[in-house]
């Protein structure tokens, strides 16, 4: 098992153990901050007995990578694809976003769902005042099949994005947020 997968699995398991950090937890006493982005990565990896045995059998300390996404608690849980206003497939059989272009209204949520591994979403153009930058991490941080990323858009305008590792293959998308 590669070290990144092991660390990602451990981070998911740790987040599930910390109160309030469980993926999909519902904190009904929290009030959402409408000015804050509501994006939150979700991971679907589940630790197995083999993963645990490998992690505990390693005698050397495992360094914490800076590019590995971790789940962070937010007042608004990440919507499931069925609750999204728009779902975008990432690499569903090819190096494309499906749909490549679309339109939504302010306040609506887009959920990107990974169907292939080694991809990310990086904003290349956005209107002034928008907090949308794409998936967490830098250009080299990629995500595996099953990963989902959501963002609720509060600023109207034209947005463009790409998958950085597949930028030379034309893996780009764009959308318009209307008022």
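The values are calculated or read from the model by the stated rules, or taken from the named source; none is laboratory data. Because the structure is predicted, anything quoted here is derived from the model rather than measured. Quick reminder, even Gly has a Cβ in these numbers, built from the backbone with ideal geometry, and neighbours come from all protein chains shown.
Values for this structure:
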| item | result |
| --- | --- |
| Residue check for residue 92: in contact with a helix residue (DSSP H, G or I) (Cβ under 7 Å, 6 or more places away or on another chain) and assigned to a loop (DSSP other than H, G, I, E, B) | no |
| Number of the condition not met by residue 148 [criteria: (1) out of contact with any helix residue (DSSP H, G or I) (no Cβ under 9 Å at 6 or more places or on another chain); (2) closer than 21 Å to residue 116 by Cβ] | (1) |
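Matching residues to (1) within 16 Å of residue 174 (Cβ to Cβ); (2) outside the structural domain of residue 174 (by TED's automatic domain parsing); (3) within 11 Å of the chain's Cα centre (by Cα):
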position	(1), (2), (3)
89	yes, no, no
94	no, no, no
102	yes, no, no
119	no, no, yes
123	yes, no, no
134	yes, no, yes
146	no, no, yes
150	no, no, yes
